[in-house]
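Below is one structure, written out as structure tokens; comments come after it.
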Amino acid sequence: MIAKIKGTGSYVPENVLDNNALSKMMETNDEWIRERTGIARRHIAQGDDTVSMSTEAGKRALENANVKPEELDLIIVSTVSSNVVLPSTACEVQKNLGAVNATCYDMNAACTGFLFAYNTVQAYFYAGLFKKALIIGAETLSNIVDWTDRGTAILFGDGAGAAVLECVPGEMPPMVTHSDGSMGAALTCASPFATKEKEYVEMNGQDVFRFAVKKVPECIEELLEKGGLDRNKIDYFILHQANSRIVEGIAKRLKVDLSRFPMNLSEYGNTSSATIPILLDELNRQGTLKKGMKLIMAGFGAGLSWGASYLEWDI
Ligand code: UT7
């Protein structure tokens with residue numbers, strides 16, 4: 001038995017901060033941000049938070065899958081920007097949705113988190129432990145971004161995406177996951193509970209950029225090899241939305257046409273673990289994804305961590 005995505009949902013805050021508004025807050029400009037990142041605007045929480053956005057995205061995914069909250073036996077939320085340390089965002093979502101039969105916990109694998117949550121559910125279902133899961137990637141990064149640092153503030157946004165996974169007969173699809181803690185210093189955020197100060201995301205942008213355009217194509221190649229898959233038969237590559245130049249670099253290294261790498265980062269910026277499920281939900285609701293289509297999801301981020309998974313669309 002394996003997991004298939006049966007419904008998707010997403011939620012982004014109404015409040016939009018575009019590049020021109022940002023350039024009034026710091027020494028930057030619309031042209032630089034668009035050229036170097038592909039980002040035009042991002043949505044910033046005002047009244048929303050990680051729990052409320054997760055709940056709304058989860059509710060929409062359940063409706064899309066036609067699954068009742070009490071049918072869920074597992075909820076995993078991937079986040080690095082929870083409202084509180086305890087209880088977990090997943091338990092708060094359980095309460096809000098009335099998913100009384102679910103086991104709930106959070107996962108921190110930064111921007112790779114949704115992908116790792118997806119893989120975890122695959123393994124659980126394969127082992128026969130759970131049958132219906134809700135996985136959510138949700139971030140209020142605006143709370144941990146240093147709004148005086150133009151190297152990071154221009155990149156990030158807030159939002160949540162979710163998917164309902166159901167257990168169906170089938171062979172375990174290929175997946176590849178990696179972590180390299182020795183490179184962790186490239187992207188960090190200290191804990192305010194340890195330092196007793198307000199802490200923010202700190203990043204060596206060029207190190208993360210180089211890592212992404214090298215390691216992501218390598219791990220997609222590894223996935224293709226592992227699954228005996230032909231890259232020309234993959235309909236879409238659903239990549240973590242960090243920077244359009246990173247996506248372009250990955251497509252080029254893989255020698256795959258960029259048209260098979262959908263992007264929505266101009267609208268949302270980098271919402272960390274929420275980028276992949278928000279993009280999946282948009283493509284699902286637009287009708288771009290059709291039953292039987294072959295997809296590869298790939299994520300990368302702090303840790304450093306990265307990975308890729310193959311799936312066949314089944315909605
Ligand atoms: O989920 C993973 C999260 N992280 C990432 O995806 C980050 C990956 N890295 C990147 O996306 C890019 O490295 C950035 C977008 C962060 C930076 O782009 P870059 O092409 O690597 O720029 P840079 O840091 O090499 O800076 C080039 C120039 C510098 O000026 P000088 O020294 O050439 O005069 C910077 O000071 O651009 C300047 N600069 C800016 N100018 C206007 C840096 N940030 C800005 C800015 N606005 N926001």
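The values are calculated or read from the model by the stated rules, or taken from the named source; none is laboratory data. Owing to the predicted nature of the structure, the values given are computational and were not obtained by experimental measurement. Glycine gets a Cβ as well: all are built from the backbone with ideal geometry, and neighbour counts include every protein chain shown.
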Next on the checklist: Looking at region 263-277 only, could you name the residues that are in a loop (DSSP other than H, G, I, E, B) and farther than 11 Å from LEU239 by Cα?
Outcome noted: GLY269, THR271
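Which one of ARG231, ARG245, ARG253 is under 24 Å from VAL145 (Cβ atoms), surrounded by fewer than 24 Cβ atoms within 10 Å (Cβ to Cβ) and of a type in the set (Lys, Arg)? Don't jump to the end; show me each part of the working.
Working: ARG231 fails: under 24 Å from VAL145 (Cβ atoms); ARG253 fails: under 24 Å from VAL145 (Cβ atoms).
Going through ARG231, ARG245, ARG253 in turn, just one is under 24 Å from VAL145 (Cβ atoms), surrounded by fewer than 24 Cβ atoms within 10 Å (Cβ to Cβ) and of a type in the set (Lys, Arg): ARG245.
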Checklist outcome for this item: In region 225-250, residues that are closer than 20 Å to SER272 by Cβ, more than 9 Å from the ligand (Cβ to nearest atom) and either at pLDDT below 95 or touching a strand residue (DSSP E or B) at 6+ places or on another chain (Cβ under 6 Å) (or both) total 4
Checklist outcome for this item: In region 26-78, anything outside any helix (DSSP H, G or I), touching a residue at least 40 places away in the same chain (Cβ under 8 Å), away from the ligand (no atom under 16 Å from the Cβ) and closer than 20 Å to ASP146 by Cα is listed as HIS43, ILE44, ALA45, ASP48, ASP49
Checklist entry - So SER266 clears everything in (1) more than 25 Å from ASP18 (Cβ to Cβ); (2) under 17 Å from the mean Cα position of the chain (by Cα); (3) within 16 Å of the ligand (Cβ to nearest atom) except one condition, right? Which one? => result (1)
Checklist outcome for this item: Only one of (1) under 26 Å from ILE39 (Cα atoms); (2) part of a helix (DSSP H, G or I) does not apply to PHE193, and that is (1)
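Which residues, counting only those in region 178-207, are aliphatic (A, V, I, L, M) and in contact (Cβ under 8 Å) with a residue 60 or more places away in the chain? Before the answer, list the steps.
First pass over region 178-207, keeping only residues aliphatic (A, V, I, L, M): 183, 185-187, 190, 194, 201, 203.
MET183, ALA186, LEU187, VAL201 - these are the residues of region 178-207 that are aliphatic (A, V, I, L, M) and in contact (Cβ under 8 Å) with a residue 60 or more places away in the chain.
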Checklist entry - Is there a residue being over 18 Å from the mean Cα position of the chain (by Cα), within 16 Å of the ligand (Cβ to nearest atom) and of a type outside the set (Phe, Trp, Tyr) anywhere in region 209-224? => result yes
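Could you tell me which residue of region 145-197 is surrounded by the fewest Cβ atoms within 10 Å (Cβ to Cβ), considering only residues that are of a type in the set (Val, Ile, Thr) and within 12 Å of the ligand (Cβ to nearest atom)? Please lay out each step first, then the result.
Of region 145-197, the ones of a type in the set (Val, Ile, Thr) are 145, 148, 152, 154, 164, 168, 176-177, 188, 195.
Next, only the ones that are within 12 Å of the ligand (Cβ to nearest atom) stay: 145, 148, 152, 154, 188.
Values: VAL145: 22, THR148: 11, THR152: 20, ILE154: 23, THR188: 13.
Step by step, filter region 145-197, then rank; the result is THR148.
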Checklist entry - Which of the residues that make up region 177-190 are small (Gly, Ala, Ser) and in a helix (DSSP H, G or I)? => result GLY181, SER182, GLY184, ALA185, ALA186
Next on the checklist: Condition first: surrounded by fewer than 22 Cβ atoms within 10 Å (Cβ to Cβ) and in contact (Cβ under 8 Å) with a residue 60 or more places away in the chain. Can you find one or more residues in region 94-114 that meet it?
Outcome noted: no
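For region 95-122, enumerate the residues that are hydrophobic (A, V, I, L, M, F, W, C) and outside any loop (DSSP other than H, G, I, E, B). Break it down stepwise before answering.
Within region 95-122, the subset hydrophobic (A, V, I, L, M, F, W, C) is 97, 99-100, 102, 104, 107, 109-111, 114-117, 121.
If the condition is that a residue be hydrophobic (A, V, I, L, M, F, W, C) and outside any loop (DSSP other than H, G, I, E, B), then LEU97, CYS104, MET107, ALA110, CYS111, PHE114, LEU115, PHE116, ALA117, VAL121 are the ones that fit.
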